[in-house]
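First up is the structure itself, then whatever we jot down about it.
The numbers here are math on the coordinates, done by the rules we state, and not lab data. What you see is a predicted model, and the numbers here were worked out from it, not measured in a lab. Methodologically, a virtual Cβ is constructed for each residue, glycine included, from the backbone with ideal geometry; neighbour enumeration extends over all protein chains shown.
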Amino acid sequence: MITLKIVLLLFISLLVSCEDNFKKNKVKSVKNIKNLLPTSNRNQAVISLKFHHLFLDRIRVFLDNQLTEKSKLKIVCYGNSITHGFQVMGDNSDLMSYPMTLERYLKNHYQNTDIQVINEGQNGRRSDQALQSIQQVIRHKPDLVFLEFGINDVYSGFTPAYFLNKMQQIIQRFQSENIFIVVLSPTPILTPEQEELKELTKTLHQFCEENQISFINVYEPILHRADTENIELIHIFPDEVHFYGNKYAWLADVIFKAIYKE
């Protein structure tokens, strides 16, 4: 009888231990599964968003005309942590942000130092919050605004219709101030919310196409570059969302090359 009790206790203890290990592994499964895959499968697992750019010539003509007419230009990049340049590794400064890199590219292209690109990115910002804070961008009196939102909206469970409603209001508010708008697609994420991000981007792209608003798909060229340079995506997005340090410059590369067709 004593032996049977001991065996029974050992069996129960083993079950509890297995359940604890299962719970721990389940929490880590989303992130760790990519590290168990070969590089090719890991990159292929990311959904493609092959939405074409829209009305790029208008951006280039606008920039050329602005710099010809008054020889100066003010741009605001309005977005979330991707615009801000949140660094997973190291501090959270914006030294490697895409707005800073884009400013350098434009100054070199036009041989003009009177070009200012202002970083109005904020970690965690959603489209509804961007609408509420829009006056802080208008205060800068920009000639052009790049809009980059969507990832936090997906993580907050916003529907494409709700997201589009907020983006539409943001765009209309800027247009009422005669500010030129360029919409950027969200950047890649490696988390399970990829499908939701695709639907959100599809809705945004369709709206821009119907209303003749300039749109740059930064998502797909980043995936293409990672594939071309044979870089695992987890090394570009170490936390599965944010770029690793100097990889934020890739965003500026995509934008600049799209506008000037390089």
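Evaluate the Debye formula for the stretch 99-161 with equal point scatterers sitting on the alpha carbons, no solvent, and hand back log10 of I(q)/I(0) at q = 0.16, 0.27, 0.30 Å⁻¹, in q order, two decimals.
One equal scatterer on each Cα of the stretch 99-161 leads to -0.65, -1.17, -1.31.
Looking at the P(r) of the stretch 50-260, how many percent of alpha-carbon pairs lie beyond 28 Å?
Percentage above 28 Å: 21.
Take every Cα pair under 8 Å in the stretch 50-260 that's 6+ residues apart, average their separations, divide by the length, and report that relative contact order as a whole percent.
Once divided by the residue count of the stretch 50-260, the mean separation gives 29 percent.
Please work out whether the stretch 123-237 counts as rounded, prolate or oblate from its C-alpha gyration tensor, where a ≥ b ≥ c are the square roots of the eigenvalues and a/c under 1.5 means rounded, while otherwise a/b larger than b/c means prolate and anything else oblate?
Prolate.
Among 121-127, 209-215, how do they line up by average Cβ neighbours within 10 Å per residue, starting with the highest?
121-127, 209-215
Where both partners of a DSSP beta bridge lie in the stretch 50-260, what percent of those bridges are antiparallel, to the nearest 5?
Around 5 percent antiparallel, to the nearest 5.
Could you order the peptides 96-106, 69-79 from most to least packed, using the average number of other C-beta atoms within 10 Å per residue?
Values: 96-106: 21.8, 69-79: 19.5.
Going by the mean number of other Cβ atoms within 10 Å, highest first, we get 96-106, 69-79.
Long-range amide H contacts for GLY121: which residues qualify at under 5 Å (H placed 1.01 Å from N, peptide plane, sequence gap of 5 or more or a different chain)?
GLY79, HIS84
What does the highest-first list of 153-165, 226-238 look like by mean Cβ count within 10 Å?
For the peptides 153-165, 226-238, the packing ranking is 153-165, 226-238.
Using the Cα gyration tensor of the stretch 179-262, with a ≥ b ≥ c the square roots of its eigenvalues, what is the shape: rounded (a/c below 1.5), prolate (a/b larger than b/c) or oblate (neither)?
oblate
³J(HN,Hα) across the stretch 96-109 via Karplus (A = 6.51, B = -1.76, C = 1.60, θ = phi - 60°), whole Hz, x for Gly/Pro?
Running phi through 6.51 cos²θ - 1.76 cosθ + 1.60 with θ = phi - 60° gives 10, 5, 5, x, 5, 5, 5, 4, 5, 4, 5, 4, 5, 5 Hz.
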